[in-house]
Structures are given as C-alpha cells and as structure tokens.
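The values are calculated or read from the model by the stated rules, or taken from the named source; none is laboratory data. This one's a predicted model, so the numbers in the text were calculated from it and none came from an experiment. Neighbour counts are summed over all protein chains in view; Cβ atoms, including those assigned to glycine, are modelled from backbone coordinates with ideal geometry.
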Amino acid sequence: MTTRVCLVAMVLGLLFGGVAGAQYPILDMIANDVIKVYEQVTCQQLWQQKGKPKSAKEQEFIQVLRNDPQMRTAFLNKVAAPIANKMFDAV
C-alpha cells in the first residue's frame, strides 16, 4: 500500500513538474533566441543594436513582460546568467 502511494505521488510530482516547466513555451523559445544572440555576437555589435528601434513583436513581448510579473521573472531567470557571463567576458 505504501509503495503504491509513493508511486502515485512520484507520478503526480513528475506531471505537475513538467507542466510548471512548460508553463510559458513561447517565452522559453524567445529566451533561447535571446541567449543565442548574446552568445554569438560581440559586445560592440550589441552596442550598435541597442540604438536601433525594436520590432513590433519585440515591443509586444516587452509589454507582455511588463504586464505579467510571473512571466517576467521566468524570463529573467532564464536569460540572466548568459547575459551576466557575457558582461564579465567583455571586461
């Protein structure tokens, strides 16, 4: 009986853990794209891109992040380390 309860608890934990990890699939895709950009371009290229206007999709995504604190936190948690590493590599 205890084994069965433990097994059910494990399965439920895996299911809910998987759902929580996939809560924002589009955010994960965009975050991965941002990470790739920071890994592939130089700091000078990033500086040049900073002055350019953002696309409509980028502006829309930024607005979504401003309106949804949980999504913003998930996005920042995903991209913060690669961006910080890029900053330290540039110094």
Practice task
Restricting attention to segment 33-59, report how many residues are more than 14 Å from MET87 (Cβ to Cβ), of a type in the set (Ser, Thr, Tyr) and surrounded by 10 or more Cβ atoms within 10 Å (Cβ to Cβ).
Solution key: 0
Practice task
Determine if segment 6-27 includes at least one residue that is modelled with pLDDT of 85 or more, in contact with a helix residue (DSSP H, G or I) (Cβ under 6 Å, 6 or more places away or on another chain), surrounded by 11 or more Cβ atoms within 10 Å (Cβ to Cβ) and not basic (Lys, Arg).
Solution key: yes
Fill in the blank from the handout: Flagged in segment 36-60 as in a helix (DSSP H, G or I) and of a type in the set (D, E, K, R), in numbering order, are LYS36, GLU39, LYS50, LYS57, GLU58, GLU60
Problem - Count - residues of segment 38-76 that are more than 16 Å from the chain's Cα centre (by Cα) and of a type in the set (Phe, Trp, Tyr) - result: 1
Exercise for the section: For segment 61-76, enumerate the residues that are surrounded by 11 or more Cβ atoms within 10 Å (Cβ to Cβ) and either among the polar types (S, T, N, Q) or in a helix (DSSP H, G or I) (or both). Expected result: PHE61, ILE62, VAL64, LEU65, MET71, ARG72, THR73, ALA74, PHE75, LEU76
Exercise for the section: Pairs only if they're at least six apart or on different chains, beta carbon under 9 angstrom, first in segment 54-81 and at positive phi, second at pLDDT below 95; list them, first residue then second. Expected result: none
